[in-house]
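A short write-up of the structure that comes next.
The values are calculated or read from the model by the stated rules, or taken from the named source; none is laboratory data. Keep in mind that what you see is a predicted model, and the values were worked out from it rather than measured. Protein only, heavy atoms only, side chains kept; ligands, DNA and RNA dropped before computing areas. Shrake-Rupley method; radii C 1.70, N 1.55, O 1.52, S 1.80 Å.
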Amino acid sequence: MVYAEERQQAIATLVTEQGRIAVTAVAEQFGVTTETVRRDLAVLERAGVLRRVHGGAVPSGALTLVETALVERNATHAEAKRKIAAAAADLLPAAGGSVLLDGGSSTAALAEVLPGDRGLFVATNSVPIAARLATAPGITLHVLGGRVRGLTQCAVGESPVRALADLRADVAFLGTNGITPGHGLTTPDEAEASVKRAMVAAGQRVVVLADSSKIGREHLVRFAALDDVDVVVTDGGADPADVERLEDAGVEVVVA
């Protein structure tokens, strides 16, 4: 027999280690009902240990303004991002097509493998991606200017949003800080979210590059619903149950 306090402590440890827990999985693990787990989560949420989200819970910090700098993200899950980029390259348009590249480490990995024989038009608000593609063969580069956030090295504000309103690209490739079936795609910063939202609207097809650590997480600002997304490309570390929920929501999931 496990007392409620012991179970709640164990749940707090799980959510810290895993980044997200599902009510059904916790109920099965501890041999209790899902209603009992939900009561435990309510207690832990009141204590500031976690936040409840659809179907489970995430660490309390997952919905705050905490944001990791690009240089740190580049060093995290690097191999998974390389695999995601390779899989995403199969979703590029044909020769003469147009692409929007959002800022971020996963989209930067895709920029590294863009083919030089297709004559692609690429628009991006990312300074590092623009620098990478400025002399790339076969790429016509369009830089979306604006105020550059040092943390993400992306242009934000009215200028890129206004420019995107006049563009219509074959495929928009976006990164995200979090993705859940219930709340869609989220990021900590409103200015970043505004540009991402404009990119989603400008893409005839929307492809999201999200390593498995992003799935099941929610952040402060939503920039797209799952209805706005055509494909999510992730890695083999994704929980099959999370993948199934995304597919049930009508999104094609490609596991690299």
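Global size of region 128-256: 14.9, 42 Å for Rg and Dmax (C-alpha atoms, Rg to one decimal, Dmax whole). Counting only protein heavy atoms and using a 1.4 Å probe, the accessible area of D239 comes to about 80 Å². Per residue, the chain reaches -11000 deg cm²/dmol at 222 nm when only DSSP H runs of four or more residues are counted, each adding -39500 (n - 2.57).
How much of the accessible area of the chain, in percent, comes from carbon and sulfur atoms when a 1.4 Å probe is used?
On the chain, the fraction of accessible area on carbon and sulfur atoms equals 50 percent.
Compactness of the chain, taken as the C-alpha radius of gyration over 2.2 N^0.38 Å, stands at 1.07. For region 4-59, the solvent-accessible area of protein heavy atoms averages 55 Å² per residue (probe radius 1.4 Å; ligands and nucleic acids excluded).
Taking every protein chain into account, the accessible area of region 78-196 amounts to 38 square angstrom per residue (probe 1.4 Å).
For region 4-59, the gyration tensor built on C-alpha atoms gives a rounded shape. Its axis ratio a/c (a ≥ b ≥ c) stays under 1.5. Mean separation of Cα pairs under 8 Å and 6 or more residues apart, divided by the residue count, gives region 89-233 a relative contact order of 22 percent.
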